[in-house]
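Chemist: A single structure is presented below for examination.
What follows is calculated from the coordinates using simple rules that are stated; it is not laboratory data. All of these numbers come straight from a predicted model, not from anything done at the bench. As a convention, Cβ positions derive from the backbone with ideal geometry for all residues, glycine included, and neighbour counts pool all protein chains shown.
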Amino acid sequence: MDLGLNGKWALVCAASKGLGKGCAQALVAEGVNVVITARGEAALRATADELRASNGAVQVRVVVGDITSPDGRAAALAAAPQIDILVNNAGGPPPGDFRDWDREVWIRAVDANMLTPIELMKATVDAMAARGFGRVVNITSGAVKAPIDTLGLSNGARSGLTGFVAGLARQPALASRNVTINNLLPGFFDTDRIRSTMAAAASKSGKSLDAMLDVRRGSIPARRLGTAQEFGAACAFLCSAQASYITGQNWLLDGGAFPGTF
Ligand code: NAD
C-alpha cells in the first residue's frame, strides 16, 4: 500500500535506537525526509547512515541534543524546512517508589514525557493545519492503560499527556484541516531500554536476563516481545493519507497482553 507520504518531512524525536528508530525506518521507506534527534552523536550518525542506505532518495538530517530542553527542541524544529509529521518520543522516567520522589524528580518526568511533546505540538500543529496536512504520533506507554507499579512517574506524566491530547486532537481547527494526533502505547518491545531495565531487575532478583525474558514472554499471549519494525509500521500507517479519519486515539501494541475487552 502506498501511504501517500512521499516527499513529506518528519521530525522523529529520540530516534537513534529502539522505537523512535523503528518509526524513522518505516517513514523513510515511504519516501519521507526525516530529522532524527538523540543525545548521543555516534549512535545517531550510525542510524542516519543506515536510513540513507535504505532509501537514497530521501534527506536525513541529524540533530544532536536533549529534546527535553528548550535548546534541543529549537534545534530540532529548525532542522526541517517544514514539519508535516511529528513523532514525539524521549527516554522514559526511572522506576522507583513514590515515597522517594521529590518535586524535582516529578518535574523532570513531567517535562520529558508530558510538556516536551506538548511544546513540540504547540510549535507545529497550526502550520500543519494551514497547509491542510499534519500527523502527530506520540510514543507513550501501555502504562497509560494498565499502570505499572514501579513506573509511577511514567503512569502519571504520560496520563497527563494522554488527557491533553484527547482534547487537542478534537479541536475542529485541527481535525477539520487534516491534522491528526494519536498515541501509540507500547507493551513490551525488544529494545535497549527494555533489556537494560530487565537486566537490572534480573540482577536484583538473582535471576538471569534470559530467565526474566522467558517469564515476560510467558505473560504475553503472542509469547514474544514486539519489534521496533512492527512499531514503526503502525506509526507509518497512522501518518498515512489513508489514516486521515483516525484522531485522538490510543493504540495499544502489546501482543494481547492487556486483558480487557476494550
Ligand atoms: P531506547 O532506550 O531503546 O531508545 C531511546 C532513544 O531515545 C535513544 O535513541 C536515545 O538516545 C533517545 N533519547 C532518550 N532520551 C532522550 C532525550 N532526552 N533527548 C533526545 N533523545 C533521547 O528506548 P525505547 O524502548 O525505544 O523507548 C522509547 C520510549 O518508549 C521511552 O519513553 C520508553 O519509556 C517508552 N516505552 C518503551 C517500551 C518498550 O517496550 N520498549 C514500553 C513502554 C514504553
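Chemist: Past the 14 angstrom mark, what percentage of all C-alpha to C-alpha distances in segment 210-262 do you count?
Modeler: Above the 14 Å cut-off, segment 210-262 has 63 percent of its Cα pairs.
Chemist: Here is a follow-up. Obtain the radius of gyration and the Kirkwood radius of segment 24-174 from its C-alpha atoms and give Rg over Rh.
Modeler: Rounded to two decimals, Rg/Rh equals 0.99.
Chemist: Still on this structure, I have one more. Report the Stokes-Einstein translational diffusion coefficient (µm² s⁻¹, integer) for segment 85-207, Rh taken as the Kirkwood radius over Cα pairs, at 4 °C with viscosity 1.567 mPa s.
Modeler: 83
Chemist: May I have the pair-distance distribution P(r) for segment 160-225, computed from all Cα-Cα distances with 5 Å bins from 0 and rounded to whole percent?
Modeler: Result returned by the calculation: 3, 14, 18, 14, 9, 9, 11, 10, 6, 4, 1.
Chemist: Expected output is a single nm value to one decimal: the length gained when fully extending between V215 and F98, i.e. 0.36 nm times separation in residues minus the C-alpha distance. What is it?
Modeler: Stretched fully, the V215-F98 segment lengthens by 39.5 nm.
Chemist: How big is the Cα convex hull of segment 123-178 in projection, averaged over all directions, in nm²?
Modeler: 4.1
Chemist: Given the -39500 (n - 2.57) contribution per DSSP H run of 4+ residues, what per-residue ellipticity at 222 nm results for the chain, rounded to the nearest 500 deg cm²/dmol?
Modeler: -14000 deg cm²/dmol
Chemist: What is the packing order of peptides 155-162, 6-13, 93-100, taking the mean over residues of other C-beta atoms within 10 Å and listing the highest first?
Modeler: 6-13, 155-162, 93-100
Chemist: Most fluctuating residue of G65, G187, G163 in a GNM of the chain with Cα springs under 10 Å: which is it?
Modeler: Looking only at G65, G187, G163, the biggest GNM fluctuation is shown by G163.
Chemist: Now for a different question. Name the helices (complete DSSP H segments) of the chain with a Cα length along the long axis of 18 Å or more and a Kyte-Doolittle mean of at least -1.0, or state none.
Modeler: Span-like helices in the chain: 41-54, 116-131, 152-169, 192-205.
Chemist: Among the Cys residues of the chain, which have no other cysteine Cβ under 4.7 angstrom away?
Modeler: Singleton cysteines: C13, C239.
Chemist: In µm²/s, what is D for the chain at 20 °C and 1.002 mPa s, where D = kT/(6 pi eta Rh) by Stokes-Einstein and Rh is the Kirkwood radius from Cα pairs?
Modeler: In µm²/s, the coefficient is 115.
Chemist: Taking the alpha-carbon set of segment 43-104, what are its Rg and Dmax in Å?
Modeler: That works out to 16.1, 52 Å for Rg and Dmax.
Chemist: Per residue, how much space in cubic angstrom lies within the convex hull of the C-alpha atoms of segment 143-258?
Modeler: Given the Cα convex hull of segment 143-258, per-residue volume reads 104 Å³.
Chemist: Further question on the same structure: Most fluctuating residue of L252, L213, L184 in a GNM of the chain with Cα springs under 10 Å: which is it?
Modeler: Highest fluctuation of the listed residues: L213.
Chemist: Oh, and also: Would you kindly give the portion of the calculated P(r) for segment 5-80 that falls above 21 Å, as a percent of all Cα pairs?
Modeler: Value for segment 5-80: 16 percent of Cα pairs lie more than 21 Å apart.
Chemist: Nothing charged except the Cβ atoms of Lys and Arg (+1) and of Asp and Glu (-1): what's the magnitude of the dipole of the chain about its Cα centre? Round to the nearest 20 debye.
Modeler: Charge dipole, the chain, about its Cα centre: 220 debye, nearest 20.
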